[in-house]
Every structure is written in structure tokens, then in C-alpha cells.
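The values are calculated or read from the model by the stated rules, or taken from the named source; none is laboratory data. What you see is a predicted model; the values in this text were computed from it and never measured. All Cβ positions, even for glycine, are placed from backbone atoms using ideal geometry, and neighbour counts span all protein chains on display. Calculation scope for accessible area: heavy atoms of the full protein, side chains included, ligands and nucleic acids excluded. Shrake-Rupley method; radii C 1.70, N 1.55, O 1.52, S 1.80 Å.
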Amino acid sequence: MIETVARSLELAVDRADKITELAQERAVLAARTAALADANEELEAFAYSVSHDLRTPVRHITGFNDLLRKSFGEALDPKAARYLNVVGEAAGRMNVLIDAMLDLSRTSRLPIQYEAVDLEVLVQSVRNELEPDIAGRSVEWEVHPLPVVAGDWDTLRQVLVNLLSNALKYTRPREVASIRIWAEKHDGATAVLVADNGVGFDPKYQEKLFGVFQRLHHQHEFEGTGVGLANVRRIITRHGGRVWASSQPGRGATFGFTLPQPDADPASV
């Protein structure tokens, strides 16, 4: 009996020690998480400030470039005119990148307002917005029934604008563009997928797609800043979901993201 009691006490002490160690590890992890959140917030604030401050010098470059062109008028020789065109195009490109950086920063700073979002209504709204981009093109849309999800309407709209506009952009070489949108259940979450028959990409670079300023195609082939998909990942991550992509060169691409079920508590993610 004494041996049995001794073993029980030993197990109880050992269990208490492990509970204490676990509590200490949790405290350390919580402190590191808080420090990382503070550092991330400072970095986002810095990116926003820098992006905002860059507007003034770029505006000066553009303004004086235009003034120089006007001051020379017809006396401007073709070589100098070409140089000024390069400067103007570079300044315009910089403005686009600054806008993209500001959008990325705003996405991280804006609060998520959860509500019931009807994805069918949202997709139709985005399609209407993108109609001017497909003027003169043959585009076949295949939109399957989509559910109502818990999320932020405005930021989820940004996600779908990015994914559908990318699908339209990378199907431009096709005589008939085909874009399919549907939903599935993935491990208790709602998965939304967008597939196209565009130029695709090498799957070994798929992780780069969602990084900031990461692009798999040259600027002269397809325009873009390399920020749109980074924005998609950040928005979906804030919703408690994940993003992914799959493709083969020349065989189109499929992009997907998940969102928690409406009965889940997104704020707890």
C-alpha cells in the first residue's frame, strides 16, 4: 500500500512539474507572439509611411519631365524624346508600385467586419466590374452554385477581383477564354476555386506566387505589380483560411482559398 501511494505521489508530482513547464512554455510563446505582432505592426506602418512619402519625389519627376518636353517642343530630337519617354514610363511604373504597396498596407491595417457574404452575389458584382476588360473578347464563364460564408465583404471582394482579373489577363492569348468558379468542402471549411485555360505557370514556383513583388511572367508579356496575390493571401489568412495554386505551363491554372464555416467564430482564429 505504501509503495502504491508513493508511486501515485510520484506521478502527481511529475504531472505537476509538466503542467508548470507547459505553462512557462505558453507564457514564452505568448510573449514572442506579442513581440512579433508589434514588430509586424511597426513594419506595416513603416511601409505605409515610406510608400506615402515616395509620392512627392515621383510627382516631381513626372512634372519636370513634362515641363522639359514642353519647353523643347518641336526642337526635341528623337533620341532625347525617347529618353524622356523612358523616364515618364519609369515614373508611371513607380506610381503603380506605390499604389500597390499602399493597398497591401491598408489591407493589413483595416479591421475585418464579419457578416454573412453571399458569394454568388459577390462574384456577379465582380464580373460586372470587370466587363470593360473583356470587350471584344470571347469569354466563357462557368459559375457553379456558391454558398454564403462568414467574412468581410469588402476585403473578400478584393480577393475575387484579383483572382478573376488574373484569370482574364492570363487567358488573353486564348481564342476563347474559359473561367470556372465553384466551391467545395475542405476539412470543415468552405473552399472557393477559380480555374482558367490560360498560359499557366511552372508548379515548382507556385510558392513564390503569393510573395510581394513576385512575378512568374515578364512585364512586357503581362502587366502587373506582383502584389495582388500577396494581398489575397493576407486577406484570407486574416479570415483564418489558406490559399494555394496549381498549374502546368500552357494548361491553365487553378487558384483556391478556404474560409471557416459560418457557424465558426472567425474572431477566434
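Determine if the range 145-155 includes at least one residue that is farther than 19 Å from Pro132 by Cβ, assigned to a helix (DSSP H, G or I) and out of contact with any strand residue (DSSP E or B) (no Cβ under 9 Å at 6 or more places or on another chain). Yes; the residues of the range 145-155 include at least one that is farther than 19 Å from Pro132 by Cβ, assigned to a helix (DSSP H, G or I) and out of contact with any strand residue (DSSP E or B) (no Cβ under 9 Å at 6 or more places or on another chain). Annotation note: of Ala81, Ala75, the sole residue that is at pLDDT 80 or above, open to solvent by 60 Å² or more (accessible area, probe 1.4 Å) and either in contact with a Leu (Cβ under 7 Å, 6 or more places away or on another chain) or among the small types (Gly, Ala, Ser) (or both) is Ala75. Within the range 112-165, the residues that satisfy the criterion of being of a type outside the set (A, V, I, L, M) and open to solvent by less than 30 Å² (accessible area, probe 1.4 Å) are Gly151, Asp152, Thr155. Within the range 93-109, identify whether any single residue is surrounded by fewer than 20 Cβ atoms within 10 Å (Cβ to Cβ), under 16 Å from Phe257 (Cα atoms) and not charged (D, E, K, R), and answer yes or no. Scanning the range 93-109 turns up no residue that is surrounded by fewer than 20 Cβ atoms within 10 Å (Cβ to Cβ), under 16 Å from Phe257 (Cα atoms) and not charged (D, E, K, R). When restricted to residues that are at pLDDT below 85 and surrounded by 14 or more Cβ atoms within 10 Å (Cβ to Cβ), the range 52-61 contains 3.
Being surrounded by 15 or more Cβ atoms within 10 Å (Cβ to Cβ), modelled with pLDDT of 80 or more and out of contact with any Pro (no Cβ under 6 Å at 6 or more places or on another chain) is the filter here, so list the residues in the range 248-262 that pass it. Across the range 248-262, the qualifying residues are Gly252, Ala253, Thr254, Phe255, Gly256, Phe257, Thr258, Leu259.
In the range 185-218, of all residues being modelled with pLDDT of 75 or more and among the acidic types (Asp, Glu), the one that is farthest from Leu102 (Cα to Cα) corresponds to Asp187.
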